[in-house]
Amino acid sequence: MSSSKDYRFLKACRKEEVDCTPVWMMRQAGRYLKKYRDMRKKYSFLEMCKTPELAVEVTLMPFEEIDVDAAILFSDILIPVEAMGIDLEFVESKGPIMNNPVRTAGDIEKLRVIDPGEDVPFVMDSIKLLRKELEGKVPLIGFSGAPFTLASYMIEGGGSKNYLLTKQMMYNSPGSFNDLMNKITDTTIKYLNSQIEAGAQAVQVFDSWIGCLSSLDYDRYVMPHMKKLFGNLSKEVPAIHFGTGTSAILELLKEAGGHIIGVDWRINIDLAWERLGYDVGVQGNLESVVLYGPEGLIESRVKDILDRVGNRPGHIFNLGHGINPDTPVDKAKFMVDTVHRLSQR
Ligand code: CP3
């Protein structure tokens, strides 16, 4: 049994010495697990997110099956978006669809800043149940989407390749875009602080699609909201700030906030950390498709990342993005075991 002070994931978040490098995977609670696929035959994804007993069961799966060092709440970044007034659907093999996308000032006007305890109580209930289940085992990470990534879903009405509508609102109606970002930022601050109050021991902010912006646009349209977001988070727990395609704007992500910066697979982790500065921790950055390869490849890629980091305190091993739905489980487990074996202090 370890006390919450001794969890290696939280120690790494605080840049303390660890017995070996902690590792978890983004999207670790999901379809590459047979138990998850079996459960999905009975329930829809949103039903699973909104039923604490089911969300708890899925959250525990990766911890039980592959020995990761942290659990992340089973939910989705779009749950609070739905509560703000968006008609959300998850369409099989298409992903999330918003049936009333946000295109005009009037659409933004109609959106609500949520009251998490009233509007998404199941999230806090799941967290409370999970803390009991996980006591002495691993810490629990809460999360949210970042304002830009959530705004892009709301404006585009779903996933996007080029973010044309989002960027058009940004350039042609900057006041409206700013109003939308403000509402999402205020929602996100309340949402994350409620998760922390319910028991989340760290939080991660997913700015998954931020890499589509130039540094000029990040600075102008996104930075103030991110500073407000991180500046208003409860100081009791560490915050991880993650994005993909961020090699050109890493320094801006750090300036925006977060104790740990999540980096994708495109940049060597030692270079990313040198640019960020060693006063923040770093999480990442294994290419997730490597997990389909032979064990020799996985081991050499894990070793490469660990060698580049050289046991510097503040590293959390993770993939560069979410694990893919058909990744072989035995390879994911092999990766986790290899990180632990090769990083023994
Ligand atoms: O990390 C975890 O295991 C915790 C749970 C979690 C999910 N989504 C579960 C999920 C987290 C942290 C997310 C975050 C999320 N959701 C992000 C940011 C992370 C990233 O990958 O950058 C984004 C962009 C979303 C939006 C979203 N949700 C998409 C695009 C999709 C469809 C993708 C697909 O592969 O079908 C989802 C659905 C989703 N979220 C699933 C899971 C397990 C699959 C649902 C299913 O069909 O069973």
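Coordinate-derived values only; no laboratory data. Since this is a predicted model, take the numbers as computed values, not measurements. Reconstructed Cβ throughout: ideal geometry from the backbone, glycine too, with neighbour counts over all protein chains shown.
Remarks
- Database remark: amide H of G281 closer than 5 angstrom to the amide H of I260, I261 (H placed geometrically; neighbours at sequence offset of 5 or more, or on other chains; Pro and chain starts carry no H).
- Here the stretch 4-342 carries DSSP beta bridges of which approximately 15% are antiparallel, counting only pairs with both residues inside.
- Rg over Rh [alpha-carbon atoms, Kirkwood Rh] for the stretch 289-345: 0.95
- For the stretch 1-129, the Rg and Dmax computed from alpha carbons only, in angstrom: 17.6, 54
- Relative contact order, percent, the chain [alpha-carbon distance under 8 Å, six or more residues apart]: 22
- Sites S300 and N162, calculated FRET efficiency, Cβ-Cβ separation with R0 45 Å, nearest 0.05: 0.80
- Amide H partners (placed H, <5 Å) of A146, local residues excluded: F206, D207, S208
- Theoretical FRET efficiency, 1/(1+(r/R0)^6), r = Cβ-Cβ of E89 and S214, R0 51 Å, to 0.05: 0.95
- Difference of contour (0.36 nm per residue) and Cα-Cα distance, V329 to K137: 67.0 nm
- Relative counts (whole %) of C-alpha pair distances in the stretch 4-342, using bins that are 10 Å wide: 6, 27, 36, 25, 6, 0
- HN-Hα J in Hz across the stretch 69-83 - Karplus 6.51, -1.76, 1.60, θ = phi - 60°, x for Gly and Pro: 8, 8, 9, 10, 3, 6, 6, 8, 5, 8, 4, x, 5, 4, 5
- Within the stretch 222-260: backbone nitrogen closer than 20 Å to the D6 label point (7 Å, Cα to C-beta): none
- Each listed q (0.15, 0.17, 0.20 Å⁻¹) maps to a log10 I(q)/I(0) for the stretch 124-272, found by the Debye formula over equal Cα scatterers with no solvent: -0.78, -0.97, -1.23.
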